[in-house]
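The values are calculated or read from the model by the stated rules, or taken from the named source; none is laboratory data. The structure presented is a predicted model; accordingly, all values stated were derived computationally and were not measured. A quick note on method: Cβ atoms are made from the backbone with ideal geometry, for glycine too, and the neighbour counts reach across all protein chains shown. Side chains are part of the model used for accessible areas, which takes the heavy atoms of the whole protein and leaves out ligands, DNA and RNA. Shrake-Rupley method; radii C 1.70, N 1.55, O 1.52, S 1.80 Å.
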Amino acid sequence: MAAQIMAIVTMEKENIAGGAPIFAVKSPDELQKTAFTLEKILDAMVHQINEKTLVIVRHR
Amino acid sequence: MLLKELFANEYVIPLIFGFTFGILTRLYLLRTDYRQYPTYPHGTMIHLALGAIASGLGAVAVPSLLKENYTAVTFLSLAAQQFRDVRNMERTSLQAVDETELVPRGKTYIEGIAQLFEGRNYLVILSSMVTTLATVLYNWWGGVIAGILTVLIARLFKSGKNLAHIVSVDHAEVRVDGPDLYVGDIYIMNVGSRDAQQVIREYGMGFILTPKNMNANVTISHPGQRQALLHDASTQLGVYTDEGEPSLTPLAKRDMKTGRIGVFLLPLIQDKEQAKAIICKVPILESTVRMPSEAPVNQRGGN
């Protein structure tokens, strides 16, 4: 069961770097909406790292 | 005329008895229940046909032995080969189906089912063999008694144990604490999507399985056993999920300190008592059973 980060949605872009696509958003509401869309598109799961950052992870 | 000639053969009646009881045994062991496996009517047909072959093989073995035709017994090895293929066939087809299952059975459950189908064919051979022999030795009533006895023995094999034997099942509250999902005090997973959290609050149902002893603790920790539980519960209660919705996945996690299992379900039928009854009835998979208490190191002053 290798999990893979497909995308990152965050309100603090300056704290994140790396291989996955990063979506910078402005508000908590936008954060949730973007994550929701990405979840449906990628068939992957949203996990919350902290209040301002969500990662979209594909398990298996 | 032909019939008369046929019945003149001393082995025809025993063969018929053996064959009949063989098929009866297979029929008795072949029950399509909520699992809908073997699928009805074609899957059932396949297994009846194989059962007929098995019972024919078992029945014919006896006259060939009695006629001192010992080499004929080698075809029993052919039968064994044949039924190993049954196991392969079951495994392959179930694994293929499992890939598209919303809540998969898991490899261990599939292996268990495949093993069981092979084993049952041997039971059929035994049944027809014993019945034929008894008919040859003690007339027709001997055959009937032996036949009924073997069906009873087959029944003994049929009834496996279920989870209620090794764990106690208690309902527990599903708690969504920020992104963290708990069943009782057992951590299940991190759910980041607000939508999914809402669905889980609405549909989530939790149970805690407490193992009754050390053997149960090790057996229930087997991921294959837990997957079987989730699959069985989801088949019987329905499941609130779809393809590509990994946030809504029934899960069973282990509390490593105590060995308790937190079960998180998303049933369509929101009936706690029914769900509990279903979990209690989940079969214990043969290959997950562990008996650490039988180990010599654990017997000195162990529990």
Zero-based 10 Å bins, Cα pair distances in the stretch B:2-158, whole percents: 11, 36, 31, 15, 6, 1
The stretch B:2-158 - percent of accessible surface contributed by carbon and sulfur, probe 1.4 Å: 68
Under 17 Å from the Cα of A:Lys52 - lysines, other chains or at least 8 residues apart: A:Lys13, A:Lys26, A:Lys33
Separation between Cα centres of chain A and the stretch B:184-228, rounded to whole Å: 25
Over the stretch A:4-58 - Rg/Rh using Cα atoms and the Kirkwood inverse-distance radius: 0.91
Dipole of the protein assembly as shown, positive direction: furthest Cα of B:Thr288, B:Gln82, B:Leu126, with charges on the beta-carbon: B:Leu126
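Subtract the Cα-Cα distance of B:Glu10 and B:Lys158 from 0.36 nm times their separation in residues, and report this length gain in nm to one decimal. Present the calculation step by step, with values, prior to reporting the outcome.
Values: separation 148, 0.36 × 148 = 53.28 nm, distance 3.40 nm.
Using 0.36 nm per residue and subtracting the Cα-Cα distance, I get 49.9 nm.
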Chain B: calculated mean residue ellipticity at 222 nm from DSSP helix runs of at least 4, using -39500 (n - 2.57): -19000 deg cm²/dmol
Segments B:234-244, B:46-56 sorted - mean Cβ within 10 Å per residue, highest first: B:46-56, B:234-244
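Can you check how the C-alpha radius of gyration of the protein assembly as shown compares to 2.2 N^0.38 Å, as a plain ratio? Don't skip to the answer; put the middle values down first.
On the way: Rg = 27.3 Å, N = 363, 2.2 N^0.38 = 20.7 Å.
My calculation over the Cα atoms of the protein assembly as shown gives 1.32.
What FRET efficiency, computed as 1/(1 + (r/R0)^6) with R0 = 35 Å and r the Cβ-Cβ distance, is obtained for B:Leu268 and B:Ala295, rounded to the nearest 0.05?
Numbers: r = 43 Å, r/R0 = 1.23.
Working from the Cβ atoms, E equals 0.25.
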Positive-end residue of B:Gly43, B:Ala72, B:Leu137, charge dipole of chain B with Cβ unit charges: B:Leu137
Residue-averaged beta-carbon neighbours from other chains (10 angstrom radius) around A:41-47: 6
Separation in nanometres of the label points that stand 7 Å from Cα toward Cβ, at B:Thr100 and B:Asn88: 2.4
Rounded tilt (10° steps) of A:28-42 against the dominant C-alpha axis of chain A: 20
Share of pairwise Cα separations in the stretch B:60-130, more than 14 Å, in percent: 66
Interface size A-B, as summed buried accessible area [1.4 Å probe, Å², nearest 100]: 1100
Accessible-area composition of the stretch A:4-58, carbon plus sulfur, in percent [1.4 Å probe]: 55
Computed magnitude of the charge dipole of the stretch B:146-260 (debye, nearest 20; Cβ of K, R +1, Cβ of D, E -1): 720
Translational diffusion coefficient (Stokes-Einstein; Kirkwood radius from C-alpha pairs) of chain B at 37 °C, 0.692 mPa s, in µm²/s: 149
Lysines whose Cα lies under 24 Å from that of B:Lys272, excluding same-chain neighbours fewer than 8 positions away: B:Lys161, B:Lys212, B:Lys253, B:Lys281
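I need the helices of chain B that pass two filters: whole DSSP H segments spanning 15 Å or more by Cα along the axis, and mean Kyte-Doolittle score no lower than 1.6. If you can, show how the numbers build up before the last one.
Numbers: long enough: B:12-29 (26 Å, 1.76); B:42-66 (37 Å, 1.42); B:74-98 (37 Å, -0.33); B:107-158 (47 Å, 0.88); B:223-237 (21 Å, -0.68).
Both cut-offs are met by B:12-29.
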Average beta carbon contacts from partner chains per residue of B:184-192, 10 Å cutoff: 3
Computed lengthening from B:Lys257 to B:Arg201, 0.36 nm per intervening residue step minus Cα-Cα distance: 17.5 nm
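Enter the mean number of other protein chain beta carbons within 10 Å of the beta carbon of each residue in A:33-40, as an integer. Working shown, then result.
Numbers: counts 2, 0, 4, 5, 0, 1, 8, 4.
Counting other chains' Cβ atoms within 10 Å and averaging over A:33-40 gives 3.
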Dipole of the stretch B:163-292 [Lys/Arg +1, Asp/Glu -1 at C-beta], most positive-end residue of B:Thr219, B:Leu265, B:Phe207: B:Thr219
